[in-house]
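These notes are about the structure you will find just below.
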Amino acid sequence: RISFGESTKSAVLDAIGAPREIDMPLVRAQQARQAVDYLVGFNLSPILWRKLPGCRSAGRVQSVALRLLAEREEEVLRFAPSEYWRIALGFGPPGTPAGEGAAEGGLLEAEPTTLRGEPLGK
């Protein structure tokens with residue numbers, strides 16, 4: 001087995017001059033990647049060809065990225081906006097400047113939790 005990190009004549013010749021033993025865990029890892037390509041890519045690629053003209057195929061990384069994008073888009077489409085208010089009240093002696101907390105001798109801040117005995121929702 002030869003291994004080289006660049007596609008140049010000198011790199012290939014150097015690799016041929018220094019072959020190494022076949023590393024069976026690497027072979028099995030490649031076989032697993034190929035199986036994933038068959039299972040995912042072959043099933044997903046035709047769908048992409050129809051939906052995204054010019055798209056060639058779906059590989060392992062692209063398939064996962066596409067799924068994440070599709071799930072996020074579904075979340076965005078399901079989002080139902082709702083009005084949200086946050087009220088903070090400041091208590092202190094008359095003339096106390098706003099923005100100074102109780103620790104500095106200023107306003108004591110509080111958030112209401114009930115109105116006329118009824119709990120306030122978020």
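Can you tell me how many residues in the range 87-106 are at pLDDT 70 or above and part of a loop (DSSP other than H, G, I, E, B)? Reasoning before the result, please.
Taking the range 87-106 first, the residues at pLDDT 70 or above are 87-95.
Of the ones still in play, those that are also part of a loop (DSSP other than H, G, I, E, B) are 87-88, 92-95.
Within the range 87-106, residues that are at pLDDT 70 or above and part of a loop (DSSP other than H, G, I, E, B) number 6.
Does at least one position in the range 5-18 carry a residue that is surrounded by 10 or more Cβ atoms within 10 Å (Cβ to Cβ) and in contact with a Lys or Arg (Cβ under 7 Å, 6 or more places away or on another chain)?
no
Within the range 78-86, identify whether any single residue is hydrophobic (A, V, I, L, M, F, W, C), touching a Lys or Arg at 6+ places or on another chain (Cβ under 7 Å) and modelled with pLDDT of 70 or more, and answer yes or no. Steps first, please.
Of the residues in the range 78-86, the ones hydrophobic (A, V, I, L, M, F, W, C) are 79-80, 85.
Cutting the leftovers down to touching a Lys or Arg at 6+ places or on another chain (Cβ under 7 Å) gives us none.
Scanning the range 78-86 turns up no residue that is hydrophobic (A, V, I, L, M, F, W, C), touching a Lys or Arg at 6+ places or on another chain (Cβ under 7 Å) and modelled with pLDDT of 70 or more.
How do the pairs read when you match residues in the range 3-26 that are in contact (Cβ under 8 Å) with a residue 40 or more places away in the chain with residues anywhere that are of a type in the set (D, E, K, R) and part of a helix (DSSP H, G or I), using Cβ under 6 Å and keeping only pairs 6 or more apart or on different chains?
Going by the 6 Å Cβ cut-off, there are no qualifying pairs.
The values are calculated or read from the model by the stated rules, or taken from the named source; none is laboratory data. It should be emphasised that the depicted structure is a prediction, and the values quoted were computed from it without experimental measurement. All Cβ positions, glycine included, derive from the backbone under ideal geometry; neighbour counts span all protein chains shown.
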